[in-house]
Amino acid sequence: MTSKKLLFILVGLGVLFISLLVFYINNKQEASKEQPMIKKTEQGGQTKNTAEKKPSLVTEQSQPKSQLAKAEASKKSLVICIDPGHQRKADLTTEPVGPGARTEKIKVTGGTTGVSTGKPEYVLNLEASLILGKILKQRGYEVVYTRTTHDVNLSNIQRAEIANQHHADLFIRIHADGSTNRNISGFSILAPSGQNPYTKTTYQDSLWAGQSILAAVKASGETKVNGISYRDDMSGLNWAKVPAILIEMGFMTNPQEDQNLSNGDYLTKLMTEVSDGIDVYTK
């Protein structure tokens, strides 16, 4: 055999050997990747091998929420400001009816009184407001009150400013009606009109809130509903920079309605219907 042929054979064997070596190393590395990580633990004085589990890629945050949870989460950022109308002592001094207005109105009047119960309106308004607030909190809303006691002195402008300061999604004022005619009864809502110069940016939302609440109360069929009245002379609505409405729950000058409004079950049902309307408005 010539030296040239021998050289070719040796080179070929060398290449073959290197290829086999590379193949062997790669296979060993792949096999080691497939093996679970092993750590040793001491148990009863003996060494025990246990496979260490890899953490799951599915975290609590990536778990899908239920529809109810999503709804509640979305409501938590919504603020409802509730204004229990009137107070123990009226403030008969005046304030501008709207920003920049020359016309002025009394800061806060005393309200009406129940002909059957003798209950002052300011007492009923707070009772209803606290019931409404409790229901709304249970549904996930943030609730702000303008007052939780009768011994305050808050003008209608100051009440609206509380709603403004909290950037309320709805400012809802709770009142009861009165008339010299004892036969008049019914639930109604007061809202600013489309011509109100002070509520141009909030008029549409205020109207939608009023319509939603009115429809929810009417749907029960148990409460007489009189509809929406448009008022542009109410400082508590005109100074609000957020959607605002005033609810007249019924006439305290109507003997039967006065008794109904002081019935806990009736009042809770009425405030639940108001809450249903707020749900529709905030969707």
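The values are calculated or read from the model by the stated rules, or taken from the named source; none is laboratory data. Because the structure is predicted, anything quoted here is derived from the model rather than measured. Cβ placement follows ideal geometry from the backbone for every residue including glycine, while neighbour counts extend to all protein chains displayed.
So K200 ticks every box in (1) touching a residue at least 12 places away in the same chain (Cβ under 8 Å); (2) farther than 29 Å from Q138 by Cβ; (3) of a type outside the set (S, T, Y) but one. Which box is left unticked?
It is condition (1) that K200 fails.
Tell me which of these E142 doesn't satisfy, since it passes every other one: (1) surrounded by fewer than 19 Cβ atoms within 10 Å (Cβ to Cβ); (2) among the charged types (D, E, K, R); (3) under 19 Å from Q87 (Cβ atoms).
(3)
Has the stretch 192-206 got at least one residue that is surrounded by fewer than 23 Cβ atoms within 10 Å (Cβ to Cβ) and either at positive phi or among the hydrophobic types (A, V, I, L, M, F, W, C) (or both)?
No - not one qualifying residue is present in the stretch 192-206.
Give the stretch 77-86 a look and list any residue that's under 16 Å from L246 (Cα atoms) and either free of Cβ contacts under 8 Å to residues at least 24 places away in the same chain or part of a loop (DSSP other than H, G, I, E, B) (or both), or say none.
G85, H86 - these are the residues of the stretch 77-86 that are under 16 Å from L246 (Cα atoms) and either free of Cβ contacts under 8 Å to residues at least 24 places away in the same chain or part of a loop (DSSP other than H, G, I, E, B) (or both).
Can you confirm whether the stretch 120-129 contains a residue that is of a type in the set (V, I, T), assigned to a helix (DSSP H, G or I) and more than 22 Å from the chain's Cα centre (by Cα)?
The answer is yes, given that some residue of the stretch 120-129 is of a type in the set (V, I, T), assigned to a helix (DSSP H, G or I) and more than 22 Å from the chain's Cα centre (by Cα).
Just give me the residues in the stretch 213-246 being within 20 Å of V144 (Cβ to Cβ), touching a helix residue (DSSP H, G or I) at 6+ places or on another chain (Cβ under 6 Å) and outside any strand (DSSP E or B), in sequence order.
I213, S235, G236, W239, A240, K241, V242, P243
Any residue that is part of a helix (DSSP H, G or I) and either more than 23 Å from D276 (Cβ to Cβ) or at pLDDT below 95 (or both) - is there at least one of those in the stretch 177-192?
Checking the stretch 177-192: not a single residue is part of a helix (DSSP H, G or I) and either more than 23 Å from D276 (Cβ to Cβ) or at pLDDT below 95 (or both).
Among the residues of the stretch 193-213, which ones are out of contact with any strand residue (DSSP E or B) (no Cβ under 7 Å at 6 or more places or on another chain) and not polar (S, T, N, Q)?
G194, P197, Y198, K200, Y203, D205, W208
Let me confirm something: among P99, P120, which residue is over 25 Å from E257 (Cβ atoms), at pLDDT 95 or above and not aliphatic (A, V, I, L, M)?
The match here is P99.
Taking I157, is it touching a residue at least 60 places away in the same chain (Cβ under 8 Å) and surrounded by fewer than 18 Cβ atoms within 10 Å (Cβ to Cβ)?
no
Cβ-Cβ below 6 Å, separation at least six or inter-chain, first residue in the stretch 109-128 and free of Cβ contacts under 8 Å to residues at least 24 places away in the same chain, second surrounded by fewer than 21 Cβ atoms within 10 Å (Cβ to Cβ) and part of a loop (DSSP other than H, G, I, E, B): which pairs?
T109/A90
On the given criteria, is S220 of a type outside the set (F, W, Y), surrounded by fewer than 17 Cβ atoms within 10 Å (Cβ to Cβ) and closer than 27 Å to N181 by Cβ?
yes
Scan the stretch 247-278 for residues that are farther than 19 Å from K134 by Cα, among the hydrophobic types (A, V, I, L, M, F, W, C) and not in a loop (DSSP other than H, G, I, E, B) and jot them down.
F251
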